[in-house]
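Chemist: The following block contains the structure, expressed as structure tokens.
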Amino acid sequence: MRRRALFAAASALLCCVAQRAQAHHSFAAEFDATQPVTLHGTITKMEWINPHSWLHIDVKNADGTTTAWMIEGATPNTLLRRGFTREAVKAGTEITIVGFRAKNGANRANGRDLILPDGSRLFMSSSGTGAPGDGEATEPQ
């Protein structure tokens, strides 16, 4: 009886302190391979968080207004190994993003390539998610 009570208490304690696990999703769960997007905009913020980094950009519309977009990228460690630096994705930098739009039509995309002002490209997608071109990443030019 005492062992059961101890086990129950330990289980309850584990439930209280355990963090919620963040699931890694496949590309097709959230993004649509039939909706490619090319966005020209200005970086407002870069979130170096796991399991996916997020690049925030303001895209200027034809009528002069701006639309905020969130671009999903690979993990921060993966991006750093591919040549991303805090200087390369600094707020105020004008960039082009090539990627795929969210299935729900939100202003979110899975970024494939980030094109810097000098024309160099950085591959920003997560590997192994089933995104178009997955596994065809090249080193930064």
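Read-outs throughout are calculated quantities, based only on the coordinates presented, and are distinct from any laboratory measurement. Just so it is clear, the structure is predicted and the values come from calculations on it, not from any experiment. Reconstructed Cβ throughout: ideal geometry from the backbone, glycine too, with neighbour counts over all protein chains shown.
Chemist: Rank-order 90-102, 60-72, 34-46 by packing density, defined as the average count of other C-beta atoms within 10 Å over each peptide's residues, highest first.
Modeler: Output ranking for 90-102, 60-72, 34-46: 90-102, 34-46, 60-72.
Chemist: Mind giving me the FRET efficiency for ILE115 and ASP63? R0 is 25 Å, r the Cβ-Cβ distance, nearest 0.05 is fine.
Modeler: 0.55
Chemist: Near the amide H of THR66, under 5 Å away, which other amide H atoms are found, from residues 5 or more places off or on another chain, if H is placed in the peptide plane?
Modeler: ASN61
Chemist: While we're here: When the chain is fully extended, how far beyond the present Cα-Cα distance does ARG4 get from ASN77, taking 0.36 nm per residue of separation?
Modeler: 21.9 nm
Chemist: So what is the relative contact order for the range 31-87, in percent, with contacts set as C-alpha pairs under 8 Å and at least six apart? The partial results should precede the final answer.
Modeler: Values: 75 pairs, mean separation 15.1, N = 57.
The value is 27 percent.
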